[in-house]
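First comes the structure, then the notes that go with it.
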Amino acid sequence: MVTRRNVYALGGDWAEPILWYARGVAAMKARPLAEPTSWRFYGAIHGFDSDLWQQLGYLDPNDPLPSDPLVQEFWRQCQHGSWYFLPWHRGYLIAFEANVRAAIADLGGPAAWALPYWNYFGTGQSALPPAFASPDWPDGQGDNPLFVSQRYGPNNDGNVFVPIDGVNLDALGDPEFEGTASGGSTGFGGVDTGFSHGGNVFGGLESQPHNNVHVLVGGADPQAPGLLGLMTDPDTAGLDPIFWLHHANIDRLWASWRRDPQHVDPNSPNWVDGPARIGERAFSMPMPGGETYDYTPGEMSDLAALGYDYDDLTPGAAAPQPVPPAQRLARLGIAPQAAAAMVGARQVAQAQTVEMVGANDHPMSLSGGDMQTSVKLDDGMRSKVVTSFAAAAAPGASPSAPDRMFLNLENVTGVADATTLKVYLGLPEGADPADHPDHLAGSVSLFGVRKATVGEGEHAGQGLTFVLEVTKIVDAMHLANRFDAEQLPVRIVPMNPVPDAAKVSIGRVSLFRQGG
């Protein structure tokens, strides 16, 4: 049993676990691409684009490639936009950690080395860990293997940190792992898919904070905005040493979510046994000594059985915590006894009705700064939402909570992933968004949009769909008697100006209800 520890709690910028990580990374980087335990081979397991790798200096046209059977078995395997996102990456981390540990042991290092995690939600821990920010080893000599020049940060100026107002932990409040792809909650862990190397609907934790941290850390080259940081694109993200500490934190947050006894992983055979059950690719990783590690999602649920744990499962003190369901119901005036019954009654997303309440009437092209549109509400659907509030608050009401509400950005396309958008719902006319955080629906980063627009695969050309829960905003409108307008304004505020060359567009902005 090994324990993964917070990189900021190891005892120094170059504490022993980080120093040994750097040595292990250096050993893997020294191996040729065709070697299955090499650094670049492991990066290609997550994603590979030969043109992009050459452009960024990670592939020479003369590099011998692995054999076709090795490529077909291992490369381009990461699961995104899928309920397999969390278990696939957990197995990927386990295998990577084993390969780094073997390299460390060969160098005379600790045989029980464990991968640290970066909890950017920790107080004072949002900055890139210092060992990754310097081109030098601790003795002042250059060629630090943890440093990459292609990290530009949220402002594209080389200052790499995770702005707390650009990420959140809202996903930890979702009671269901599996969600729906029909406009309602996508769940904590994602929607039911087959093998999905680039799906187009993200689960809650994958969307936030996972996607946002990728783009906020990676950013884009300010001298050549078309050149992205390694972390910004799925096809290059695994080449950055900080990728692994970010994903260790995402894995930790899954374990944190599981602490609630009502939060359980899916028991569907299609999740438990993985895509191989329906004749699709199995999850498979190369291991030290020429071994292969095959695994299923069901084998990824129990950390103890996998031989590791975390030093702390507290999500993070610096981030706002999700609103507990009981608190929401109390705010809506529902009696405590009725609220307790509603919280105790499991309302599985797949068994609930998901219906569109309204949508805007034209696609949007994003260029430069703020953009605005309006969602036109259907009178009948709006009445259903209002009725759900009244029915839940009525004396003797059945244990059915009021509707949850979701804003969808559908068919988002573009050719550059380095875009983060803050989305506001119901802002007063002429208001400064910064003065109204209560109207912030959330922020989204377009991690994977290039592949979903011009890449290969079943979802190419469809773009991405982002689902933001706006239940709290609609609740407040209802309590203030403001959920009676014909249209609700939506304002989209880019963190940085969107260049014309990014070709970012949103096919439709829509509002959905989910309830009984």
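The values are calculated or read from the model by the stated rules, or taken from the named source; none is laboratory data. Predicted model, so just to flag it, every value in this text is computed and none were measured. Quick reminder, even Gly has a Cβ in these numbers, built from the backbone with ideal geometry, and neighbours come from all protein chains shown. We work out accessible area using only protein heavy atoms, side chains counted, and drop any ligands, DNA or RNA first. Shrake-Rupley method; radii C 1.70, N 1.55, O 1.52, S 1.80 Å.
Count, please, the residues in segment 398-425 that happen to be open to solvent by 10 Å² or more (accessible area, probe 1.4 Å), at pLDDT 95 or above and of a type in the set (Gly, Ala, Ser).
Number satisfying all stated conditions: 1.
Could you please find all residues in segment 195-242 being free of Cβ contacts under 8 Å to residues at least 40 places away in the same chain and of a type outside the set (Gly, Ala, Ser)?
Across segment 195-242, the qualifying residue is only Gln223.
Considering each of Gly24, Gly12 in turn, give the residue that is free of Cβ contacts under 8 Å to residues at least 12 places away in the same chain and either among the small types (Gly, Ala, Ser) or touching a helix residue (DSSP H, G or I) at 6+ places or on another chain (Cβ under 9 Å) (or both).
Checking each option against the conditions leaves just Gly12.
When you look at Ala95, is it of a type in the set (Gly, Ala, Ser), touching a strand residue (DSSP E or B) at 6+ places or on another chain (Cβ under 9 Å) and either surrounded by fewer than 21 Cβ atoms within 10 Å (Cβ to Cβ) or at pLDDT 95 or above (or both), yes or no?
Yes, satisfied.
Just give me the residues in segment 283-292 being open to solvent by 50 Å² or more (accessible area, probe 1.4 Å) and either small (Gly, Ala, Ser) or in contact with a Pro (Cβ under 8 Å, 6 or more places away or on another chain) (or both), in sequence order.
Gly289, Gly290, Thr292
If you check Gly199, Gly194, Gly158, which single one turns out to be in a loop (DSSP other than H, G, I, E, B) and buried (at least 20 other Cβ atoms within 10 Å of the Cβ)?
Gly199
It is to be established whether one or more residues within segment 161-172 are of a type in the set (D, E, K, R), within 24 Å of Leu468 (Cβ to Cβ) and surrounded by 24 or more Cβ atoms within 10 Å (Cβ to Cβ).
no
Does segment 161-176 hold any residues that are under 21 Å from Gly316 (Cβ atoms) and assigned to a loop (DSSP other than H, G, I, E, B), and which are they?
Result: Val162, Pro163, Val167, Asn168, Leu169, Asp174, Pro175.
I'm told Lys451 meets every condition in (1) open to solvent by less than 50 Å² (accessible area, probe 1.4 Å); (2) at pLDDT 95 or above; (3) of a type outside the set (Ser, Thr, Tyr) except one. Can you identify the failing condition by its number?
The single condition Lys451 does not satisfy is (2).
What is the number of the single condition among (1) open to solvent by 40 Å² or more (accessible area, probe 1.4 Å); (2) outside any helix (DSSP H, G or I); (3) among the hydrophobic types (A, V, I, L, M, F, W, C) that Ala391 does not meet?
The single condition Ala391 does not satisfy is (2).
Restricted to segment 111-146, and to residues that are of a type outside the set (Asp, Glu) and free of Cβ contacts under 8 Å to residues at least 60 places away in the same chain, which residue is surrounded by the most Cβ atoms within 10 Å (Cβ to Cβ)?
Applying the filter and picking the extreme gives Ala133.
Would you check if there is a residue in segment 433-445 being assigned to a loop (DSSP other than H, G, I, E, B), farther than 22 Å from Phe512 by Cβ, among the acidic types (Asp, Glu) and open to solvent by 10 Å² or more (accessible area, probe 1.4 Å)?
Within segment 433-445, none of the residues are assigned to a loop (DSSP other than H, G, I, E, B), farther than 22 Å from Phe512 by Cβ, among the acidic types (Asp, Glu) and open to solvent by 10 Å² or more (accessible area, probe 1.4 Å).
Being over 30 Å from Val7 (Cβ atoms), over 25 Å from the mean Cα position of the chain (by Cα) and aromatic (Phe, Trp, Tyr) narrows it down to one residue among Phe389, Phe406; which is it?
Among Phe389, Phe406, only Phe389 is over 30 Å from Val7 (Cβ atoms), over 25 Å from the mean Cα position of the chain (by Cα) and aromatic (Phe, Trp, Tyr).
Looking at segment 261-274 only, could you name the residues that are open to solvent by less than 60 Å² (accessible area, probe 1.4 Å) and not aliphatic (A, V, I, L, M)?
His263, Asp265, Pro266, Ser268, Asn270, Trp271, Gly274
For segment 99-110, give me each residue that is surrounded by fewer than 20 Cβ atoms within 10 Å (Cβ to Cβ) and out of contact with any helix residue (DSSP H, G or I) (no Cβ under 6 Å at 6 or more places or on another chain).
Ala105, Asp106, Gly108, Pro110
Counting only residues that are without any contact (Cβ under 8 Å) to a residue 40 or more places away in the chain, in contact with a Lys or Arg (Cβ under 9 Å, 6 or more places away or on another chain) and open to solvent by 30 Å² or more (accessible area, probe 1.4 Å), how many does segment 35-57 have?
0
Restricting to segment 315-339, name every residue that is surrounded by 14 or more Cβ atoms within 10 Å (Cβ to Cβ) and closer than 30 Å to Ile94 by Cα.
Within segment 315-339, Pro315, Gly316, Ala318, Ala319, Pro322 meet the criteria.
Based on what the data block shows, is Pro66 farther than 21 Å from Arg5 by Cβ, without any contact (Cβ under 8 Å) to a residue 12 or more places away in the chain and in contact with a helix residue (DSSP H, G or I) (Cβ under 9 Å, 6 or more places away or on another chain)?
Here the answer is no, as Pro66 does not meet what is asked.
Out of contact with any Lys or Arg (no Cβ under 6 Å at 6 or more places or on another chain) and open to solvent by less than 60 Å² (accessible area, probe 1.4 Å), is that true of Tyr295?
So Tyr295 fits the description; yes.
Quickly run through segment 58-92 and pick out the residues that are open to solvent by 40 Å² or more (accessible area, probe 1.4 Å) and assigned to a helix (DSSP H, G or I).
Asp68, Pro69, Leu70, Gln72, Glu73, listed by residue number.
Under 7 Å between Cβ atoms, which residue pairs at least 6 apart in sequence (or on different chains) link something in segment 178-193 that is within 23 Å of Gly279 (Cβ to Cβ) with a partner that is of a type in the set (Ser, Thr, Tyr) and surrounded by fewer than 24 Cβ atoms within 10 Å (Cβ to Cβ)?
Listed by first residue and then by second, the contacts come to Val191/Thr180.
May I ask you to list the residues in segment 202-225 that are acidic (Asp, Glu) and either over 19 Å from Glu176 (Cβ atoms) or surrounded by fewer than 24 Cβ atoms within 10 Å (Cβ to Cβ) (or both)?
Listed by number, the list holds a single entry, Asp221.
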